[in-house]
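Here is the structure we will look at.
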Amino acid sequence: RLPPLDEQLARGIRFGEKRYRARGFFAYFQAYTNTYGPVELLEERYGLIRRYPEVVGLTVGTRPDCTNEPVLDLLESFSLDYEVWVEYGLQSAHNRTLDRIRRGHRVEDFLDAVERTSRRPIQICVHIILGLPGETHAEMIQTAKILAGLPIQGVKIHHCHVIRGTPLADNYRKGEYHPLGYSEYLRCVCDFLEHLPWPITIQRLLGEAPRDLLLAPEWGKDKGRVLEEIQNELERRGSRQGSRSEEQQLERGP
């Protein structure tokens with residue numbers, strides 16, 4: 001059982017001050033769908049941050065089909081005093097993939113949520129997953145190209161990993177799903193980055209899962225090595241984030 005939210009906030013602040021000597025903090029409502037509920041309840045929960053002068057920002061993770069106008073009104077009200085981010089879990093810009101993984105929303109829901117959110121002083125971060133079942137390399141890169149044309153400020157990239165007790169774990173054991181290999185992921189994530197224009201901030205390059213629940217891929221356990229190899233691969237290519245996006249813009253002309 002998790003401690004109350006205000007206790008979680010206080011613990012996080014104390015930890016950050018001691019470990020990193022931090023002086024400013026973001027309150028991150030991360031797990032599950034943090035805009036799903038009555039606005040009055042959400043206001044009460046988000047409002048806990050006002051008790052802590054150390055908190056300078058509010059980040060809320062949610063689904064694109066669970067953010068209505070009253071919720072956006074509420075989040076906008078916090079932007080008067082805090083930097084506010086909404087993180088939308090897209091995962092893939094292909095409805096065929098979203099149907100396959102039983103995501104429960106459409107790409108159109110995501111595009112609508114981004115359009116409505118972007119009218120407000122709220123920053124937008126998008127979560128995507130590389131290596132989802134049945135998705136090709138070209139489809140993953142097409143997701144990057146779609147994101148490149150949207151009014152977003154951040155992207156978090158995850159690799160698809162197999163967790164015990166899930167339908168994907170059953171498919172993996174039957175040989176019906178094969179996660180991306182290490183070299184495949186390095187190629188894919190670097191290609192993806194090349195299509196995301198600067199100054200979109202890349203806030204994550206690798207997914208993480210509890211080690212006792214992870215079935216595959218094993219290479220995902222060594223986060224430091226993967227991050228270093230991504231940087232090495234970009235340097236080997238003589239490339240960087242946004243390089244292909246800039247080339248496409250030059251081809252289109254002014």
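The values are calculated or read from the model by the stated rules, or taken from the named source; none is laboratory data. None of these values were measured; they are calculated from a predicted model. Note that we place each Cβ from the backbone using ideal geometry, even for glycine, and neighbour counts take in every protein chain shown. Note: accessible area is taken over every heavy atom of the protein model, side chains too, but ligands, DNA and RNA are not part of it. Shrake-Rupley method; radii C 1.70, N 1.55, O 1.52, S 1.80 Å.
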### Query
Can you find even one residue in the range 50-58 that is of a type in the set (Ser, Thr, Tyr), in a loop (DSSP other than H, G, I, E, B) and in contact with a strand residue (DSSP E or B) (Cβ under 6 Å, 6 or more places away or on another chain)?
no
### Any hit, the range 92-101, residues being within 21 Å of ALA31 (Cα to Cα), surrounded by 20 or more Cβ atoms within 10 Å (Cβ to Cβ) and free of Cβ contacts under 8 Å to residues at least 24 places away in the same chain
yes
### Task
Take ILE129 and decide whether it is part of a strand (DSSP E or B) and open to solvent by 30 Å² or more (accessible area, probe 1.4 Å).
yes
### Query
Residues in the range 23-35 that are in contact with a helix residue (DSSP H, G or I) (Cβ under 9 Å, 6 or more places away or on another chain), surrounded by 13 or more Cβ atoms within 10 Å (Cβ to Cβ) and outside any strand (DSSP E or B): how many?
2
### Message
Being in a loop (DSSP other than H, G, I, E, B) and surrounded by 17 or more Cβ atoms within 10 Å (Cβ to Cβ) is the requirement here; does ASP65 meet it?
### Response
yes
### Message
Quick check on my filter: what residues within the range 143-155 are part of a helix (DSSP H, G or I) and farther than 21 Å from HIS178 by Cα?
### Response
ALA144, LYS145, ILE146, LEU147, ALA148
### Query
Would a scan of the range 171-186 turn up a residue that is modelled with pLDDT under 95, open to solvent by 50 Å² or more (accessible area, probe 1.4 Å) and either hydroxyl-bearing (Ser, Thr, Tyr) or closer than 30 Å to LEU75 by Cα (or both)?
no
